[in-house]
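Bear in mind that the values in this text are calculations on the coordinates, not laboratory data. Keep in mind that this is a model prediction, so the values were computed, not measured. Using ideal geometry, Cβ is built from the backbone for each residue, glycine included, and neighbour counts are taken over all protein chains shown.
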Amino acid sequence: PLAVLALLVAAASAVMVLGLSALLAFDALLFRLMATHGDEISGGAAVDDMLARMRLKPAPAMPRPLDQRIAGTRRLLARQRIAFAVFVVAFLTAGFWMPG
């Protein structure tokens, strides 16, 4: 029973890692969109406009600065690392408790 629980935790955390990877890839595309503009303000406004048109985020009155956007990406990356660590521990635990 412990091995099955560990496998379920490993599977759930693997799905989380993949989902966070997709979010990070989308975030990278948004940073790429920002880079196509002349300055930080117009690039941030373009990203905010696109997110508002996609109905993912409401349009802010003022575009967020670049360091706030980078901090959000770092939070996503930290969550991905934690989910991956949970996956590794659960997978190793499942392997240890599996009947041989």
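Please give me the summed charge of the neighbours of residue 17: other residues whose Cβ is under 12 Å from its Cβ, Lys and Arg +1, Asp and Glu -1. Walk me through the intermediate numbers first.
Working: positive: 79, 81; negative: none.
Charge balance near residue 17 sits at +2.
As a check on your grasp of the helix formula, calculate [θ] at 222 nm for the chain: sum -39500 (n - 2.57) over DSSP H runs of n ≥ 4, divide by the residue count, round to the nearest 500. Walk me through the intermediate numbers first.
Numbers: 3 runs with 80 residues, N = 100.
Estimated from H runs of four or more residues: -28500 deg cm²/dmol.
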